[in-house]
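Since the structure comes first, as structure tokens, the remarks are kept for the end.
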Amino acid sequence: MTPNTVAPLDAAALAASDQATLIHPHSRIGAPAEPLVIARGEGARIWDATGKRYLDGTCGLWQCAVGHGRAELAAVAARQMETLEFYSSFGDYSNPQAIALGERLLEIAPDGIERIFFTNGGSEGVETAVKLVRFAHAQAGQPERTVILSRTRAYHGVGSASLAATGMPAMKEKMGPLPDGFVHLSEPHARRDDAGAVDRMVAELEQTIERIGPERIAAFIGEPILGVGGMVPPPDGYWDRVQEVLRRHGILLILDEIVTAFGRTGYWFAAERYGLQADLIVTAKGLSSGYLPMGAVLIGKRILELADGGLFLHGFTYNGHPTCAAVALENLAIIEREGLLERARTVGPDLLARLRPLEQLEHVVEVRGEGLMLGVEISDAETAAAVAAGCRRDGLIVRASGPSLVLSPPLVITAEEVDELVELLSANVRTRGADGKRS
Ligand code: PLP
């Protein structure tokens, strides 16, 4: 077998075995759907087990900045495993790759970030951030500062605190009791003609702080741009105003940049795009482009000062995993070498401009985006799901998240692939996915 090829697979047998064997995330127990078995990837393309080719409009779960099938990353992983596959980072143990990745992250991080804590993924990062802000306040003599402010429609993960912070009620059904201490504000979404939206959101924030008492609030957590919630950039001026209120009340800011960091918005961090000085920035996904599981929590000066001297008894076995760190370092090098931040800043707006005319259709509510994070909101979730299914039958992967079709192709997507994406998506939106059965 040469790199980037797979032997022919028995697609039907794989599908049957999958259904008899696995429980997938976000699937109905006892009623497994017939799986789409993905067998190979290269750049912005993936192939299923039957050999059918797709354009990857979401890069799986938005993780794959540098595209699929990069031999450089495989080579780095192999070399690292031959040298030292893994060793613990607990206490006073360390390894060169974790140190080098930490240094690189501090080089590209926004001002004010001074330390790095590694995880295996996003939820673990949010769990870490929530514990860390509470720990920092307690260490600084304010143990009553425990409340976390979040927003409706936010997605922060599936751990105990990260799910409690999530603002999607359906995800919490039958999962309780979840921990107390999480308060949700309204969703940070405004239609373009809603001039008073930011004033309303800020007033709600002020009133909520007053009601709870600032001395009880540990932090505000937010995605700079809602991701799972439908790729929703905030209204203009939102983050400046929110940041000002939080500072005035001594409330820490946790930015969930699990989707937005490492180029997706055209910057290393969306914090730069919105002029945010976060106390903690939680990252994962694009850090390693998903080649291996890896996340990092970037820790600011204020947290370090508050938590100074405290013994933080928290950590995951694979913290600072040397093989994952080596791959992440090379992934960041590729993003820089290939100018992928600039690509997201040029390709994203072009894609948005070419999809915007869909807003003229009666059943399209809004087309929006920032960098290579785009959302096409349809009249209802059922129609959005039909459009996503039609696209998939036509060889384009997009994801329906509620009524929104969410798009986040690899940053390496080519001009021809962008043309194809626009064509297939537009055709399926126009016909509501109904003609997708032809392939
Ligand atoms: N936060 C955001 C904004 C996410 O999009 C995700 C995952 O999609 C998470 C947290 C959870 O990350 P993970 O699935 O790696 O635990």
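Tally up the residues in the range 309-355 that are in a loop (DSSP other than H, G, I, E, B) and more than 18 Å from A71 (Cβ to Cβ), please.
Residues meeting the conditions: 14.
Mind counting the residues in the range 72-121 that are among the acidic types (D, E) and farther than 25 Å from I303 by Cα?
Looking only at that region, the number is 3.
If the requirement is being at pLDDT 95 or above, of a type in the set (D, E, K, R) and within 16 Å of the ligand (Cβ to nearest atom), which of these qualifies: R151, R134?
R151
What residue, of G91, G121, G67, G125, is more than 16 Å from the ligand (Cβ to nearest atom) and within 17 Å of V259 (Cα to Cα)?
G67
Where in the range 180-257 are there strands (runs of 3 or more DSSP E), lying wholly inside it, with at least 3 residues that are within 18 Å of V282 (Cβ to Cβ), within 16 Å of the ligand (Cβ to nearest atom) and touching a strand residue (DSSP E or B) at 6+ places or on another chain (Cβ under 9 Å)?
It comes to 217-222, 252-256.
Of all residues in the range 268-287 being part of a loop (DSSP other than H, G, I, E, B) and buried (at least 22 other Cβ atoms within 10 Å of the Cβ), which is nearest to the chain's Cα centre (by Cα)?
Only one residue fits best here, namely A284.
Take the range 265-275 and flag every residue that is in contact with a helix residue (DSSP H, G or I) (Cβ under 6 Å, 6 or more places away or on another chain) and either hydroxyl-bearing (S, T, Y) or within 15 Å of the ligand (Cβ to nearest atom) (or both).
Selection gives T265, Y267, Y274.
Could you look through the range 315-335, keep only residues that are in contact (Cβ under 8 Å) with a residue 40 or more places away in the chain, more than 28 Å from F135 (Cα to Cα) and of a type in the set (A, V, I, L, M, F, W, C), and pick out the one that is surrounded by the most Cβ atoms within 10 Å (Cβ to Cβ)?
Selected residue: A328.
This table checks each residue for (1) of a type in the set (V, I, T); (2) on the phi > 0 side of the Ramachandran plot.
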residue	(1), (2)
G30	no, yes
V37	yes, no
W47	no, no
K52	no, no
L61	no, no
V66	yes, no
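Just to verify a result, which residue in the range 142-190, among those that are touching a residue at least 24 places away in the same chain (Cβ under 8 Å) and of a type in the set (D, E), is surrounded by the fewest Cβ atoms within 10 Å (Cβ to Cβ)?
E144
Within the range 191-234, track down each residue that is within 21 Å of the chain's Cα centre (by Cα) and surrounded by fewer than 20 Cβ atoms within 10 Å (Cβ to Cβ).
Selection gives nothing.
The values are calculated or read from the model by the stated rules, or taken from the named source; none is laboratory data. Keep in mind the model is a prediction, meaning the values are calculated, not measured. Note that each Cβ is placed from the backbone with ideal geometry, even for glycine, and that neighbours are counted across all protein chains shown.
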